[in-house]
Amino acid sequence: MTATKILLDESEMPRRWYNLVADLPSPPPPVLHPGTLQPIGPDDLAPLFPMALIEQEVTRERYVDIPPEVLDVYRLWRPSPLYRAHRLEKALGTPARIYYKYEGVSPAGSHKPNTAVPQAYYNASAGIRRLTTETGAGQWGTALAFAAAQFGLECEVWQVRASYDQKPYRRMMIETFGGTIHPSPSDLTEAGRRILAEHPDSPGSLGIAISEAVEVAAQQPDTNYALGSVLNHVLLHQTIIGEEALLQLAKAGDTPDVIVGCTGGGSNFGGLAFPFLREKLAGRMSPVIRAVEPAACPSLTRGRYAYDFGDTAGMTPLMKMHTLGHDFIPDPIHAGGLRYHGMSPLISHVYELGLIEAVAKTQKECFEAGIRFARTEGIVPAPEPTHALAACVEEALRCKETGEEKVILTALCGHGHLDLPAYSRYLAGEMVDHELSQPALDASFAGLPELPAGR
Ligand SMILES: *Cc1c(COP(=O)(O)O)cnc(C)c1O
């Protein structure tokens with residue numbers, strides 16, 4: 001019987017990140033300047049990001065060395081464990097072999113520090129003293145506050161007002177790591193003051209919080225902005241997950257037939273899947289790779305592949321991606337990390353190339369899978385990865401019918417210890433599934449920016 005926990009020694013930890021762009025038949029379409037509609041250059045991004053990250057954003061090199069200072073911090077929790085889900089398999093009665101790569105062992109309890117740490121490192125190396133960012137549910141703010149503390153940076157976080165009021169534990173964690181946190185909209189920025197003047201009781205949104213964090217970073221020379229998903233350099237940093245999982249599955253003597261992961265902006269999914277996609281493109285294995293998104297925010301399965309803004313206010317560059325429209329406000333599902341109107345341009349491109357599949361799941365099915373997982377494997381998953389677990393369970397039950405002994409691999413990208421009220425609502429029978437109507441989507445598509453033909 002395969003071991004339950006497949007571990008790597010510190011000395012076996014991968015020393016470079018993998019850049020999928022090097023192995024694709026074509027690169028993703030360029031990011032465009034919102035004013036000129038021309039491809040942006042490094043100078044356009046320089047007010048917000050250090051040059052090392054801008055270079056990683058556009059590099060065509062296959063591998064990027066992980067700096068020793070970053071490896072040192074990674075060693076606090078990496079290599080992360082790969083588990084064989086023997087108990088879940090038994091409960092399902094499936095002949096499939098299920099593996100999950102667990103990122104909940106990190107300081108923030110999710111995969112987010114994998115990119116927060118290098119982002120803080122490169123900013124500190126460039127002489128930056130302070131980082132600003134937005135956070136919704138609080139996972140990203142927690143990760144960045146921790147990473148900033150490692151490199152002596154200040155960290156200022158704008159948290160969506162509704163989450164700030166309803167989920168105090170993430171705020172406390174951010175403050176414990178030394179971060180400063182403001183509810184957004186705040187009166188500290190033009191963008192915030194404008195909203196507050198009109199709507200003093202605004203619950204805020206991720207879009208507004210991004211506008212506030214970007215405004216402050218753009219105005220102060222010693223301050224930069226950090227983003228926790230979507231961008232190429234973020235997905236690059238997350239490939240440490242898949243590189244480790246490749247080594248661990250080899251130790252277990254298995255190769256995956258199916259890889260599933262949840263997608264908000266696409267970083268944990270890309271981080272796990274891209275190294276396996278490299279192997280697939282090289283003909284060394286042939287897993288089906290499947291993204292799982294919430295039915296309430298289905299950018300891949302129901303969105304348009306079009307140029308759109310990354311934020312609601314329309315301040316960011318235009319990215320070609322699967323989008324529901326930057327005005328789209330998803331229903332308040334509990335998987336806060338998956339409530340984003342767009343998708344990573346790189347994931348979107350790979351989806352257009354037919355290299356990955358996508359499915360959407362409703363939240364009750366996801367929580368049912370999350371509870372089944374908690375009761376068998378002993379880990380309470382964050383609401384986001386319950387989407388991947390629901391797809392895992394579905395695939396495993398299909399194997400039960402057909403008798404196929406497939407190997408299924410998933411990313412358990414975070415624990416749900418600070419999301420227990422959502423479980424409580426599910427258990428009390430109070431959780432609802434939201435229907436997303438086509439007219440609502442069409443209204444939101446109508447707000448997509450117009451571009452010259454051919455873009
Ligand atoms: C932020 C977050 C997500 C969504 O972001 P991706 O970039 O799609 O990975 C998913 N799960 C957890 C636990 C998160 O913190």
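Please say if the stretch 260-332 is rounded, prolate or oblate, where rounded means a/c under 1.5 for a ≥ b ≥ c the square roots of the C-alpha gyration tensor eigenvalues, and otherwise the choice is prolate for a/b larger than b/c and oblate otherwise?
Values: a/c = 2.75, a/b = 1.91, b/c = 1.44.
Prolate is the answer for the stretch 260-332, as a/c is 1.5 or above and a/b outweighs b/c.
How do 56-64, 251-259, 107-115 rank on mean C-beta neighbours within 10 Å, highest first?
Numbers: 56-64: 15.6, 251-259: 18.0, 107-115: 27.3.
Those peptides, ordered most packed to least, come out 107-115, 251-259, 56-64.
Computed from the Cα positions only, the extents of the stretch 217-262 along the three principal axes stand at 53, 19, 12 Å, in decreasing order. Note that the stretch 424-439 has calculated 3J(HN,Hα) couplings of 4, 5, 4, 5, 7, x, 9, 7, 10, 9, 8, 8, 9, 7, 5, x Hz, one per residue in order, obtained from phi through the Karplus relation 6.51 cos²θ - 1.76 cosθ + 1.60 (θ = phi - 60°); glycine and proline are x.
Can you check how the C-alpha radius of gyration of the stretch 294-334 compares to 2.2 N^0.38 Å, as a plain ratio? Each step should come with its number before you reach the end.
On the way: Rg = 10.4 Å, N = 41, 2.2 N^0.38 = 9.0 Å.
Normalised Cα radius of gyration, the stretch 294-334: 1.16.
Using the alpha carbons alone, the radius of gyration of the stretch 152-268 stands to its Kirkwood radius in an Rg to Rh ratio of 1.10. Take the Cα of Leu353, step 7 Å toward its Cβ, do the same at Arg455, and the gap between the two points is 2.4 nm.
The packing ranking of peptides 138-146, 309-317, 10-18, 334-342, highest mean first, is 138-146, 334-342, 309-317, 10-18, where packing means the average number of other beta carbon atoms within 10 angstrom of each residue. The modelled label-to-label distance between Asp187 and Ala126, using points 7 Å beyond Cα along the C-beta direction, is 3.3 nm. If you plug the beta carbon distance of Arg302 and Arg425 into 1/(1 + (r/R0)^6) with R0 = 22 Å, you get a FRET efficiency near 0.30.
The value obtained for the stretch 82-177, namely the Cα convex hull volume divided by the number of residues, is 118 Å³ per residue. Note that the stretch 257-268 has calculated 3J(HN,Hα) couplings of 9, 9, 10, 10, x, 7, 10, x, x, x, 7, 6 Hz, one per residue in order, obtained from phi through the Karplus relation 6.51 cos²θ - 1.76 cosθ + 1.60 (θ = phi - 60°); glycine and proline are x.
With no solvent and one equal point scatterer per Cα, compute the Debye intensity ratio I(q)/I(0) for the stretch 316-455 at 0.19 Å⁻¹ and report its log10, rounded to two decimals. These q points yield log10 I(q)/I(0) values of -1.24.
Assuming 1.002 mPa s and 20 °C, estimate D for the chain with Stokes-Einstein, Rh taken as the Kirkwood radius over Cα pairs, in µm²/s. List each step's numbers first, then the result.
Values: Rh = 22.0 Å.
Answer from the Stokes-Einstein relation: 98 µm²/s.
Between the Cα long axis of helix 386-402 and the first principal axis of the chain there is an angle of about 30°, rounded to the nearest 10.
Take peptides 182-193, 405-416, 429-440, 389-400 and line them up by average Cβ neighbours within 10 Å, highest first, as a rough protection proxy. If you can, show how the numbers build up before the last one.
Values: 182-193: 20.1, 405-416: 24.4, 429-440: 11.6, 389-400: 21.9.
Result, highest mean Cβ count within 10 Å first: 405-416, 389-400, 182-193, 429-440.
With an 8 Å Cα cut-off and a minimum separation of 6 or more residues, compute the relative contact order for the stretch 306-399 in percent. Reported relative contact order: 20 percent.
Based on DSSP H segments of at least four residues, each scored -39500 (n - 2.57), the chain has a per-residue ellipticity at 222 nm of -12000 deg cm²/dmol. For the stretch 187-261, the relative contact order comes to 18 percent (Cα pairs under 8 Å, sequence separation of at least 6). Every pair of different Cα atoms in the stretch 30-128 enters the Kirkwood calculation, which places the hydrodynamic radius at 16.9 Å.
Near Arg97, the amide H atoms lying under 5 Å from its own belong to Lys406, Val407, Ile408; only residues 5 or more places off or on other chains count, and H is placed 1.01 Å from N. Less than 5 angstrom separates the built amide H of Ala382 from those of Gly414, His415, Gly416, all sequence-distant by 5 or more or on a different chain. For the stretch 208-329, the mean projected area of the C-alpha convex hull, equal to one quarter of the hull surface, is 9.3 nm². For the stretch 233-250, the residues whose backbone nitrogen is under 17 Å from a point 7 Å from the Cα of Ala282, taken along Cα to Cβ, are 239-250. The Cα atoms of the stretch 183-229 cover 31, 23, 12 Å along the three principal axes, with the biggest extent listed first.
Report the calculated FRET efficiency for Gln220 and Tyr169 (r = Cβ-Cβ distance, R0 = 41 Å), to the nearest 0.05. It comes out at approximately 0.85.
For Gln159, the residues whose amide H sits under 5 Å from its own are Thr135, His182, Ser184, ignoring neighbours fewer than 5 places away on the same chain, with H placed 1.01 Å from N. Within the stretch 1-59, the percentage of alpha carbon pairs spaced more than 20 angstrom apart rounds to 54%. Kirkwood radius, the stretch 83-129, all distinct C-alpha pairs, inverse of mean reciprocal distance: 13.4 Å.
If R0 is 45 Å, what FRET efficiency do you get for Lys251 and Asp433 from their C-beta distance, rounded to 0.05? Write out the running numbers ahead of the final one.
Working: r = 40 Å, r/R0 = 0.88.
It comes to 0.70.
FYI, it's all coordinate maths here, none of it is from the lab. Since the model is a prediction, treat every value here as computed from it, not as a measurement. Every residue, glycine as well, gets a Cβ built from its backbone with ideal geometry; the counts of neighbours run over all protein chains shown.
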